[in-house]
Structures are given as structure tokens and as C-alpha cells.
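Comments concern the structure below.
The values are calculated or read from the model by the stated rules, or taken from the named source; none is laboratory data. Only a predicted model underlies this, so the values are computations on that prediction, with no experimental measurement involved. A quick note on method: Cβ atoms are made from the backbone with ideal geometry, for glycine too, and the neighbour counts reach across all protein chains shown. Keep in mind that these areas ignore ligands, DNA and RNA; they rest on the heavy atoms of the full protein, side chains included. Shrake-Rupley method; radii C 1.70, N 1.55, O 1.52, S 1.80 Å.
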Amino acid sequence: MLKLSQLYQRLAPTALWTNSVRLCSTQVTPPAAQPQSNFSPIATGDSADVPDKLYSRVELQMKGIDPEVMKSYAYFAKTAAEHLDIEVGKHWALRKAVKDRLTLLKSVHIYKHHRVQYEVRNYYRFMHFHKLTGSTLDTFLEYIERNLPEGVALKVTKVEQQELPEHLKSEGA
């Protein structure tokens, strides 16, 4: 049986092959020799003891340089939320772009009157989602973050509902 390094040395002279070959380990340990673990890959229900977090509102803030791409992505996020039975709240965009200007001298040392201005236009879009559980929120955020287009930044703000602390509860209730 060839070792992995010997196989690689035999295939190395053919440059076209080395780019397309995926080298894998061929040694398999017998099932009896594998270490036994107390953890099963299937969830056993121990996580049911921990209550799921509740969120009253989640706000998505999108920032990008192309308003049409952000509008399309907002439609995608809204559609994904509707498929997961998430209550969609308000969603809106700022009317005008936020402009950041940077003024620099054309020359490094002299000619102070000769300047160049650079401008970056950022567009913002906001979306609210209401009444979410922690597991639904994790699934939703993972899905929309994986499909985030280039040139768009996403900021998520969560408002979690918590039980009233014992020292603030009334004695009669």
C-alpha cells in the first residue's frame, strides 16, 4: 500500500494533475479501536431544560452603496421572514444618501489651493421583526447573513424579553 507522501511524489511531475487531485487519508481505524464517547450526535432533549430566549423586536440596519441592491435584499429578507412565520414590522429607507467627503491636496508639499475631493455615498435601510424565539432568530439570521450581497453591511439589534427580577415583583402577586 502506498503512503500518502509517496502518492504525492508520483503525481507531482504531472502539473495538470496536481491541481485537480484531492489527497485523502486512506487508513481506516476499525470500529473497536475507536474511542467511545458519552455524547450522541443526536440531540437527546437535555437542551429542553433550558428555556428558549424571547425577543420582542429585532432591528436590521443595512448600509450599502447601491440602493437597488439593498432594496432587493430587503425584499429577500422580508420574504424569508414570511416563510418562517416571523411577524414583519416596519421597513423603510432614508430618503437621501449620507455623504462623506474627504478633501486632499493634489501635491504632497506645496500648492495648497489645488485640492481633490472624494465622496462616498452610503444608503441606509431599516427593517423591524417582532415576537421571535431564539432558535427562530438564529436560523433566520444565519440564512440572511449567508446570502448577504457584496457592498452591503448588516447590523442587528436585538431587544430581549426577560422575566421581572424577584426583588421587583409585588408581594401580593
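General remarks:
- The set of residues in region 155-171 being free of Cβ contacts under 8 Å to residues at least 12 places away in the same chain, open to solvent by less than 100 Å² (accessible area, probe 1.4 Å) and either touching an Asp or Glu at 6+ places or on another chain (Cβ under 8 Å) or not hydroxyl-bearing (S, T, Y) (or both) consists of L164, P165, K169.
- Enumeration of residues in region 110-133 that are more than 26 Å from the chain's Cα centre (by Cα) and either modelled with pLDDT of 95 or more or not β-branched (V, I, T) (or both): Y111, K112, H113, H114, R115, Q117, Y118, E119
- Only one of the numbered conditions (1) open to solvent by 60 Å² or more (accessible area, probe 1.4 Å); (2) modelled with pLDDT of 85 or more; (3) more than 30 Å from V159 (Cβ to Cβ) is not met by S107, and that is (1).
- Residue check for E87: farther than 18 Å from S135 by Cα and either at pLDDT below 95 or acidic (D, E) (or both): no
- Taken over region 122-148, the criterion of being over 15 Å from I86 (Cα atoms) and exposed (fewer than 13 other Cβ atoms within 10 Å of the Cβ) is satisfied by E145, R146, N147.
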